[in-house]
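Peer 1: After the structure tokens below, expect a handful of questions from me.
The values are calculated or read from the model by the stated rules, or taken from the named source; none is laboratory data. None of the values given here were measured: they were computed from a predicted structure. Positions of Cβ are backbone-derived with ideal geometry, glycine not excepted, and every protein chain shown enters the neighbour counts. Calculation scope for accessible area: heavy atoms of the full protein, side chains included, ligands and nucleic acids excluded. Shrake-Rupley method; radii C 1.70, N 1.55, O 1.52, S 1.80 Å.
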Amino acid sequence: MAYNRDNPGKGARSGRTRDNIIFDNGDNLPDLIQFIGQLLVTAGDIITVAGQALALEQEQKAQIQSQKDQQDKQREQQQVQLQIEQMQKQIAQLQKQIKNKSS
């Protein structure tokens, strides 16, 4: 049994109710405040971890979007290059036709 400073002959629970133990002369108030503080710190840590997870997810989404944009740009450049090559072939054919008609 714990020592009861108000009544040294009896244990800590003698004659006290739970409410009296928590708020008895403010003896447990520092412990209660410390406990609440620990709860708040833990809640803050959980919020921080959740925020970091969301930030990481957003960063991954941004990287994926950037990669998609880059791929789209490369695809467009390839299509333009193909169109240029086709036009060059057509120009070469037209030049041959013109040369053959003039000869």
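Peer 1: For the stretch 37-48, what are the residues that are open to solvent by 90 Å² or more (accessible area, probe 1.4 Å) and within 12 Å of the chain's Cα centre (by Cα)?
Peer 2: Selection gives 47 alone.
Peer 1: Yes or no: the stretch 81-103 includes at least one residue that is part of a loop (DSSP other than H, G, I, E, B), of a type outside the set (Val, Ile, Thr) and exposed (fewer than 10 other Cβ atoms within 10 Å of the Cβ).
Peer 2: yes
Peer 1: Still on this structure, I have one more. Given the options 26, 15, name the one that is modelled with pLDDT under 95 and open to solvent by 70 Å² or more (accessible area, probe 1.4 Å).
Peer 2: Going through 26, 15 in turn, the sole match is 15.
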